[in-house]
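A quick write-up on the structure given underneath.
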Amino acid sequence: MSINNPYDKYRLNAINTATPEELTLMLYNGALKFCNQAMVAFEQDDYIKANKLIQRVEDIIREFQITLNRKYQISEQFDMMYDYIYRCLVNANIKKSVELLEEATGLIRTMRDTWKEAMKLAKQD
């Protein structure tokens, strides 16, 4: 596969050289980007585009659930939170609800910010 766009080359290189922690952060940021784009699509009554974007966020949330390390007790709480976010996304998509999408976005943002803080604290050790 030949990549001619310099931005695509940069992005691919960033992904290939990222740590697992950085990849998780990238996924959170991607989920937030897709949520914001879906809200705009809802506002423009472009439900097909919104559907596709929400499905991308759902895929990210499911990936987080699948890859949880179940040996830690806190993973159960994360699993429950991811399940709630996923249900918000599904219902937002079905009901064409910006409010439900905003709720999911807020929860994802909180989890992303917590992840960023944990990354900072881990670097200090």
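The values are calculated or read from the model by the stated rules, or taken from the named source; none is laboratory data. Predicted, not measured: the structure shown is a model, and the values here were computed from it. Here the Cβ positions follow ideal geometry from the backbone for every residue, glycine too, while neighbour counts run over all protein chains shown. Accessible surface areas use protein heavy atoms only, side chains included; no ligands, DNA or RNA. Shrake-Rupley method; radii C 1.70, N 1.55, O 1.52, S 1.80 Å.
Brief remarks follow.
- Residue list for the range 70-109, filter: in a loop (DSSP other than H, G, I, E, B) and open to solvent by less than 80 Å² (accessible area, probe 1.4 Å): 97
- Residues that are open to solvent by less than 80 Å² (accessible area, probe 1.4 Å), under 16 Å from residue 111 (Cβ atoms) and in a loop (DSSP other than H, G, I, E, B) within the range 42-68 comprise just one, 68.
- Matching residues in the range 50-91 - criterion: being of a type in the set (Phe, Trp, Tyr) and closer than 14 Å to residue 102 by Cα: 84, 86
- Candidates 94, 85, 48 - the one that is under 17 Å from the mean Cα position of the chain (by Cα) and at negative phi: 85
- Filter pass, residue 112 being surrounded by fewer than 18 Cβ atoms within 10 Å (Cβ to Cβ), modelled with pLDDT of 95 or more and closer than 24 Å to residue 19 by Cα: yes
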